[in-house]
Amino acid sequence: MQKKIILIGAGYWGTNIANNLVKLGIKNIWLYDTSKKSLKTLKRRFPKNINIISNLNKFYKDKKFKYFIYATPPSKNFRLITPALENKKIIFVEKPGFKNLNEVDLLVKKYPKEIKSIMFGYIYMFNNYINYIKKFINNKKNGKILYIRFIRQNLGPIRNDIDVSYDLSSHDLSIINFLFNNKKFKIIKNQSYKLLNSQIADLSNISFKINNTFIDINNSWINPDKIRSLIVITKKKMLLFDEMLKDNKIKIYNKFADYPKTELLKNNFFNRKIKIHIGKNISPKIKNNDPLYDELKFFINSNNKSLSKKKYLNIDAGRSILKILSNLDKKN
Ligand SMILES: NC(=O)c1ccc[n+]([C@@H]2O[C@H](COP(=O)([O-])OP(=O)(O)OC[C@H]3O[C@@H](n4cnc5c(N)ncnc54)[C@H](O)[C@@H]3O)[C@@H](O)[C@H]2O)c1
């Protein structure tokens, strides 16, 4: 039987979601948005697949409609998702999910059982390159992980309801939780700049430490060009993930710098000269997948039990990222 999918939000990302649902063979998508213009535009694009709805209430009550996807601004989600929880729907909400930790905590308290049927749209959990990076980090041959840096910058989309860290660093935090198995981390520094208005931060620099690894996250939505990069520096190798490249997005540089062991220097500290080692670089063959397609495929084939078990996507995962962001707010 064909799944009945409700999509709420027909903006930039809702359009990508609709496109992928159609690719997944979903014949009927029930679409809701407060903007008539957005609804019309998306209907024009997929005239056979989209059914426009003007009132959600009936659909919340109807048991035939189980799957609700939210691609709406986080500040609207608390109000929009509450009736879906009340009516035991299976829910996909785009990252970061909610405006703040307080909102998610209120929902957890009021709907402790139903909230387990929520999945947060942390798309990098479906990215083959990120999977590869986890294997690279866990490979003992590469040596200790010294440093990781994320850069995520572009001109726009500029949000007016959440800071850039909630919008963009949330992706990087989901990747860090995945790479380090949800290990707790220490915030070293958090700096953000409100450039366009006095309420919303447009640029953010966050520094953390996990075990002995230093991590920087550098985000901006006021940047002349689009950058999506991640570097990992280990004792023996350096990895660069450049998401903007079409292919060969990961390059591994067999380069490293180290000091000679002190015992070889007859205890003369001033003889400690750094040595640079340079070997051959490689681009590992990694299959380019479409993470949004895979993410939605997973969602529409899930039930409340399978969702609650997804360590990096379930309510605990979504809440933990909002908790880190809220701790960062306090440090700023
Ligand atoms: N996973 C990703 O890589 C990714 C990328 C972009 C955006 N997103 C997320 O998707 C969500 C939407 O972002 P976007 O870029 O599409 O924003 P957008 O502004 O382009 O679209 C939001 C849509 O929601 C509609 N809307 C607003 N309030 C509503 C309400 N109360 N009821 C129904 N519809 C309402 C708007 O009319 C608009 O069409 C955000 O949470 C964002 O973080 C995720």
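The values are calculated or read from the model by the stated rules, or taken from the named source; none is laboratory data. Small disclaimer: the values here were computed from a predicted structure and weren't measured. Cβ placement follows ideal geometry from the backbone for every residue including glycine, while neighbour counts extend to all protein chains displayed. In case anyone asks, the SASA skips ligands and DNA or RNA and just uses the protein heavy atoms, side chains included. Shrake-Rupley method; radii C 1.70, N 1.55, O 1.52, S 1.80 Å.
Does segment 19-36 include one or more residues that are within 15 Å of the ligand (Cβ to nearest atom), on the phi < 0 side of the Ramachandran plot and touching a residue at least 60 places away in the same chain (Cβ under 8 Å)?
Residues of segment 19-36 within 15 Å of the ligand (Cβ to nearest atom): 19-21, 29-36.
Retained after the next criterion (residues that are on the phi < 0 side of the Ramachandran plot): 19-21, 29-36.
With touching a residue at least 60 places away in the same chain (Cβ under 8 Å) added as a condition, the list becomes 20-21.
Yes: one or more hits.
Checked against the criterion of being of a type in the set (Ser, Thr, Tyr) and more than 27 Å from the chain's Cα centre (by Cα), the candidates Ser35, Ser54, Ser75 yield just one match: Ser54.
For Arg149, the criteria (1) within 23 Å of Lys330 (Cβ to Cβ); (2) not in a helix (DSSP H, G or I) hold in every case but one, which is (1).
If the requirement is being in contact with an Asp or Glu (Cβ under 8 Å, 6 or more places away or on another chain), polar (S, T, N, Q) and touching a residue at least 60 places away in the same chain (Cβ under 8 Å), which of these qualifies: Ser169, Ser165, Ser220? It would help to see each step written out before you state the result.
Working: Ser169 fails: in contact with an Asp or Glu (Cβ under 8 Å, 6 or more places away or on another chain); Ser165 fails: in contact with an Asp or Glu (Cβ under 8 Å, 6 or more places away or on another chain).
Every option except Ser220 fails the conditions.
Taking the criterion of being open to solvent by less than 80 Å² (accessible area, probe 1.4 Å), among the hydrophobic types (A, V, I, L, M, F, W, C) and more than 16 Å from the ligand (Cβ to nearest atom), the residues of segment 171-197 that qualify are Ile176, Leu179, Phe180, Phe185, Ile187.
Just one of (1) more than 18 Å from the chain's Cα centre (by Cα); (2) open to solvent by 90 Å² or more (accessible area, probe 1.4 Å) fails for Lys297. It is (1).
Of all residues in segment 134-170, those satisfying the criterion of being within 16 Å of the ligand (Cβ to nearest atom) and either surrounded by 22 or more Cβ atoms within 10 Å (Cβ to Cβ) or more than 27 Å from Asp202 (Cα to Cα) (or both) are Phe150, Arg152, Asp163, Val164, Ser165, Tyr166, Asp167, Leu168, Ser169, Ser170. The set of residues in segment 146-170 being in contact with a helix residue (DSSP H, G or I) (Cβ under 6 Å, 6 or more places away or on another chain) and of a type outside the set (Ser, Thr, Tyr) consists of Phe150, Arg152, Arg159, Asp161, Ile162.
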